[in-house]
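Here the structure is laid out as structure tokens; the discussion comes afterwards.
The values are calculated or read from the model by the stated rules, or taken from the named source; none is laboratory data. What you see is a predicted model; the values in this text were computed from it and never measured. For neighbour counting, all protein chains shown are included, and Cβ atoms are generated from backbone atoms with ideal geometry for every residue, glycine included.
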2 protein chains.
Amino acid sequence: MGKYAVSIDDIRAAAGRIKSVGHRTPILTSQTLDKMAGRKLFFKCENFQKVGAFKLRGGWNAVSMLSDEEAAKGVCTHSSGNHAQALAFSAMKRGIASYIVMPNNVPDVKLDAVKGYGANITLCEPTLEARKTTLDEIVKKTGAHEVHPFNNPNVIAGQGTTALEMIEDLGELDAIIAPIGGGGLMSGTCVTTRSLLPEAKLFGAEPTGADDAYRSLKEGKIIPQTNPNTICDGLLTSLGEYTWNILKDHLEAIYTVTDDEVINAMRLVWERMKIIIEPSSATAVAVALKSEFKALEGLEKVGIILTGGNVELSKLPF
Amino acid sequence: MGKYAVSIDDIRAAAGRIKSVGHRTPILTSQTLDKMAGRKLFFKCENFQKVGAFKLRGGWNAVSMLSDEEAAKGVCTHSSGNHAQALAFSAMKRGIASYIVMPNNVPDVKLDAVKGYGANITLCEPTLEARKTTLDEIVKKTGAHEVHPFNNPNVIAGQGTTALEMIEDLGELDAIIAPIGGGGLMSGTCVTTRSLLPEAKLFGAEPTGADDAYRSLKEGKIIPQTNPNTICDGLLTSLGEYTWNILKDHLEAIYTVTDDEVINAMRLVWERMKIIIEPSSATAVAVALKSEFKALEGLEKVGIILTGGNVELSKLPF
């Protein structure tokens, strides 16, 4: 292992594994959004990815790298979101069991999606404490291999394939903006981009109601997120050691956006691009539309990772 | 002119004109929808077209074919929907005036879109009678050239380029399903498909609450639509002579679907494909999911035209 838990070689190897299971998602553009942002934007559409989010990449990379012996007893995680779907889908693809711990207030649509991939679901109280305890019990009982949603080098390597495809397809980019939750996507993006486009700038996007990475970068150490309060349900978690270690060295800046900015950006993408993105994705779009960001010079071509499109249609914010 | 108002040569010429102004829209697939339909479906995404609907094709073809003298006084139409946007946009592109008559109960979002393309808007009572009278007055006053939304050979030729791109991109198809309102898209689709894939079957989709084409086909003559009642706001109109003349000879069948079937199909496409389609588009998807249609033999590869994605996000049916 080099300075970081993940190298560009790990990411290239991950890309080879993901090719047969995931989609090479399209990159869309919008003249309207370009005009509003004052530059060319390139949207990498992971909302079109299998399971509706980039999480499939990391999930499948981690599951496919397990030895037969490790895989035999199945995989497990606690997650109410896209990682749960990604892990359940990946386990199904590999033909092994998956055990997912979810909070008992999880919306039916998410529960059904994970069930649809054949996962064994255990519901628990909606606290991090209860989720961890419940997962520990499952590991003890089943011997299943835990796949952490972001603080896992194989997961980070998988997420780094998103930027790899972007840069392969577009050739050049002056910057990439991606949302930060636990930092799995952003740290993989950093490794890929530093290797292929050393001069390109890397920007994180966070909701003001869960701005732990912003504060961490400012303080120079991990500040855990307590009591997150935002519509961006994919960005509630704190950073991990693996992701932080990469992020702190390569991020140009993190911009925070309010939930109102998120909702406006989401609505704009739905209305003008006719694609469905979830609030977490919209943070990166909202950053591109901020006047502070628009004022930055030298950024003619900016890539934006639209991380996912899993929303409850009956509970839209507009 | 041959037997019909539009030939494949007209459609090929239209494709040449549209290339520089419209998008060559992508064709998407979905394993989930394939499984539900029992065959391979190919979705031509005109929701990603300029102005959010295929109407741009016919509008631009008609506007660009006007002589300088005809164009000098501008173009006009009465429409509350996608044709209004298409005509206003096309006029703006050509640098001429557009005059759009809209009912005074038109939603702000549609009004704003047409305004955004620089159109001169006249509001009138929301009756067909008032719309026609108001338009006549405008023609008298301005000398603007009327571009009918569908009963116009140049418009039909433009709409026929949708199927042309589909067949060029896919090579082969056993059938195409498209929605029928006034029949502009479907009649253009008929001419293109008969010429390039003589054996392919052509199916129309209509809501039960505006099933005039279904009844017309059954009776062998145009039955005008009175009091339409459906969520499919793009499919309320009656057929025209030009479109009927083509449709009656080439349609295999028209299937009708209830608004509930439309809403289910729309929701399915939003949730699983992560793209935004409007109710009118969803009629064709709903047909593909009907058990009667699924029972048809010999249809392995079916093209579906997703006609547009202009919806009011604050008034969704789910």
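Values for this structure:
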item	result
Residue within region B:146-159 that is touching a residue at least 24 places away in the same chain (Cβ under 8 Å) and among the charged types (D, E, K, R) present	yes
Condition met for A:Ile100 (buried (at least 19 other Cβ atoms within 10 Å of the Cβ) and more than 27 Å from A:Pro279 (Cβ to Cβ))	no
Region A:302-318 residues that are closer than 22 Å to A:Asp108 by Cβ and in a loop (DSSP other than H, G, I, E, B), paired with ones that are among the small types (Gly, Ala, Ser) and modelled with pLDDT of 95 or more (beta carbon under 7 Å, 6 or more apart)	A:Gly309/A:Gly52; A:Asn310/A:Gly52; A:Asn310/A:Ala53
Residue ID - farthest from the other protein chains (Cβ to nearest Cβ), chosen from residues in region A:20-60 that are more than 18 Å from the chain's Cα centre (by Cα) and assigned to a loop (DSSP other than H, G, I, E, B)	A:Arg39
For B:Ala15: the one exception among (1) surrounded by fewer than 19 Cβ atoms within 10 Å (Cβ to Cβ); (2) outside any loop (DSSP other than H, G, I, E, B); (3) away from every other protein chain (no Cβ under 14 Å)	(1)
Region B:91-103 residues that are touching a residue at least 60 places away in the same chain (Cβ under 8 Å), paired with ones that are of a type outside the set (Ser, Thr, Tyr) (beta carbon under 9 Å, 6 or more apart)	B:Lys93/B:Val21; B:Lys93/B:Trp60; B:Lys93/B:Val63
Qualifying residue in region A:199-219 (condition: of a type outside the set (A, V, I, L, M, F, W, C) and closer than 19 Å to A:Cys45 by Cα)	yes
Which listed residue, of A:Lys218, A:Lys141, is under 20 Å from A:Glu252 (Cβ atoms), among the basic types (Lys, Arg) and either at pLDDT 95 or above or surrounded by fewer than 17 Cβ atoms within 10 Å (Cβ to Cβ) (or both)	A:Lys218
Residue in region A:150-167 that is over 14 Å from the mean Cα position of the chain (by Cα), among the acidic types (Asp, Glu) and outside any loop (DSSP other than H, G, I, E, B) present	yes
Leading residue by the ranking (surrounded by the fewest Cβ atoms within 10 Å (Cβ to Cβ)) among those in region B:108-129 that are in a helix (DSSP H, G or I) and touching a strand residue (DSSP E or B) at 6+ places or on another chain (Cβ under 7 Å)	B:Lys115
Top-ranked residue in region A:239-284 [being within 13 Å of chain B (Cβ to nearest Cβ) and not in a helix (DSSP H, G or I); ranked as farthest from B:Asn310 (Cα to Cα)]	A:Glu278
Flag if A:Asp9 is acidic (Asp, Glu), surrounded by fewer than 24 Cβ atoms within 10 Å (Cβ to Cβ), out of contact with any strand residue (DSSP E or B) (no Cβ under 8 Å at 6 or more places or on another chain) and under 21 Å from A:Thr162 (Cβ atoms)	yes
